[in-house]
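Some notes on the structure that comes next.
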Amino acid sequence: MLTFDGHIDTLMYMLHSGKSLADADGHVSLDKLCRGRVSAQIFAVFVEPAFYQGMALHRGLEMVDLFWRMLEEYPEVLVYAGSGSEIREIHQAGKIACLLGVEGGEVLQGSLAHLRTLHRLGVRVLTLTWNYRNALANGQAEGSACGGLSPFGRDVVREMNRLRMLIDISHLNEPGFWEVLELSEAPVIASHSCARALRDHPRNLTDEQIRALAEKGGVIGVNFCPSFLTDRDVADLDDVLDHIEHFIAVGGEDCVGLGSDFDGIDATPTGLDNCSVLPAIAQGLAQRGFSSELIDKVMGQNFLRIAQRVLG
Ligand SMILES: [Zn+2]
């Protein structure tokens, strides 16, 4: 089975803690990735708002450097993947395919040149916004009245299409979502989002959004953040499975994957404490009567498909 996780914040965790991936004691470590049989992982470069005033690219590049140093440290386990075919090859070789994404267009500091430079440095995914307004668009925390993409945001979408990068609409507000969907020639991802119908949270996608994203061939990684999954104080594995089932019911079986948000969330669902127990999702889906083909799609084949289609 190919297991593909669309979003973790482990680079930030490593930068803050000064720990190596082997020594990391958060949700993700080298050992936990292996025990969880993770095959492909998108590592997010998340720049904290404290760096937005002129230092976002600086901070982002420090994390890009950290990503590459991490790969150099464990060449027998981790291998960089810049395309769908590379993910497939690395998985077949029994190693973990590591993709690099930037979370928050603040890192571009208003320049398409920086987008192209980040692409040359290996970045293949850009989450257009975090929660707030930036030069590209408005994050979900800004609400909908402020509108969608800026002219620069439109240029970024076009340039990402040309460069064959994956556009990530998690965190984006609704007007921005609809404009990206209309403008982008390629299908897009929501790397770490849940379903609004099950939990009314602004970070989650409405059924209309799920349907439209799926119709264009997009994929949504279900987020494990308890407050995105449920109104209750505590979430469990069944809540994650419920969101997966809902995505399938609304958008079809090709639109859902995993986007744990490990090391970016304060709490985890019971039974999904860290990435070493990801196989519990496949087991849970099997217990709910899912076919093995459908389980494969949810666990990783859907993300692999869109990576292959967009990245090549
Ligand atoms: Zn996020």
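The values are calculated or read from the model by the stated rules, or taken from the named source; none is laboratory data. Worth saying up front: this structure is predicted, and the values here are computed from it rather than measured. Here the Cβ positions follow ideal geometry from the backbone for every residue, glycine too, while neighbour counts run over all protein chains shown.
In table form, for the structure just shown:
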{"quantity": "Any chance Asp200 is surrounded by fewer than 19 Cβ atoms within 10 Å (Cβ to Cβ), at pLDDT below 95 and either farther than 23 Å from Asp9 by Cβ or not hydroxyl-bearing (Ser, Thr, Tyr) (or both)", "calculated": "no"}
{"quantity": "Yes/no for Val156 being within 16 Å of the ligand (Cβ to nearest atom), closer than 22 Å to Gly218 by Cβ, outside any loop (DSSP other than H, G, I, E, B) and of a type in the set (A, V, I, L, M, F, W, C)", "calculated": "no"}
{"quantity": "Residues being in contact (Cβ under 8 Å) with a residue 40 or more places away in the chain, of a type in the set (A, V, I, L, M) and away from the ligand (no atom under 16 Å from the Cβ) - total across the stretch 167-189", "calculated": "2"}
{"quantity": "Selection within the stretch 267-312 - touching a residue at least 40 places away in the same chain (Cβ under 8 Å) and not in a helix (DSSP H, G or I)", "calculated": "Ala267, Thr268, Pro269, Leu272, Asp273, Asn274, Leu278, Arg288, Gly312"}
{"quantity": "Unique match (being in contact (Cβ under 8 Å) with a residue 40 or more places away in the chain and either under 22 Å from Thr117 (Cα atoms) or not aromatic (Phe, Trp, Tyr) (or both)) among Met55, Met14", "calculated": "Met14"}
{"quantity": "Residue check, Ser193 closer than 26 Å to Ala280 by Cα, within 15 Å of the ligand (Cβ to nearest atom) and either surrounded by fewer than 18 Cβ atoms within 10 Å (Cβ to Cβ) or modelled with pLDDT under 95 (or both)", "calculated": "no"}
{"quantity": "Unmet requirement for Thr117, which otherwise passes all of (1) in a helix (DSSP H, G or I); (2) in contact (Cβ under 8 Å) with a residue 40 or more places away in the chain; (3) more than 16 Å from the ligand (Cβ to nearest atom)", "calculated": "(2)"}
{"quantity": "In the stretch 234-254, residue surrounded by the fewest Cβ atoms within 10 Å (Cβ to Cβ) [restricted to those that are closer than 13 Å to Phe290 by Cβ and of a type in the set (A, V, I, L, M)]", "calculated": "Ala249"}
